[in-house]
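Enquirer: Handing you this structure, nothing more for now.
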Amino acid sequence: MNLKFEEWLVDQKGRQDEVGDFARGLNMPDVAQKLLGRKPDEHKNWADIVIGMSKPLHIATFNAAWQEFQVEKKLAADVPR
């Protein structure tokens, strides 16, 4: 399973913390449009988008969300099919 950050983040919208606020605050169609045609470095692509938002709190929240996503992605990859 190749979990993508965008998919993971959409699933976090119901959380009542900063990651949930971050997920709810993104305009996902705009983000998806910005991701089209980019190089395959998912982290760099998302970091560029978040930095471009000019909201310093979002950078720290993105970093925390990315770490959680990496753990979940690894766990999903370790599950035998």
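Enquirer: List pairs: first in the range 68-81 and touching a residue at least 60 places away in the same chain (Cβ under 8 Å), second in a helix (DSSP H, G or I), Cβ under 6 Å, 6+ apart or cross-chain?
Expert: Phe69/Phe5; Phe69/Trp8
Enquirer: Continuing with the same structure: How many residues, within the range 60-81, are among the basic types (Lys, Arg) and out of contact with any Leu (no Cβ under 6 Å at 6 or more places or on another chain)? Let's see the steps before the verdict.
Expert: Initially, the range 60-81 is screened for residues among the basic types (Lys, Arg), giving 73-74, 81.
Narrowing further to those that are out of contact with any Leu (no Cβ under 6 Å at 6 or more places or on another chain): 74, 81.
Of the residues in that region, 2 qualify.
Enquirer: On to the next question. Kindly state which helices (runs of 4 or more DSSP H) lie completely within the chain and contain at least 1 residues that are open to solvent by 60 Å² or more (accessible area, probe 1.4 Å) and modelled with pLDDT of 90 or more.
Expert: On the way: elements: 5-11, 18-25, 28-35, 42-52, 56-78.
In the chain, the matching helices (runs of 4 or more DSSP H) lie at 5-11, 18-25, 42-52, 56-78.
The values are calculated or read from the model by the stated rules, or taken from the named source; none is laboratory data. Bear in mind that the values here come from a model prediction, so they are computed numbers and not experimental data. With ideal geometry, Cβ positions are generated from the backbone for all residues, glycine too; neighbour counts draw on all protein chains shown. Surface areas here come from the heavy atoms of the whole protein model, side chains and all, with no ligands, DNA or RNA. Shrake-Rupley method; radii C 1.70, N 1.55, O 1.52, S 1.80 Å.
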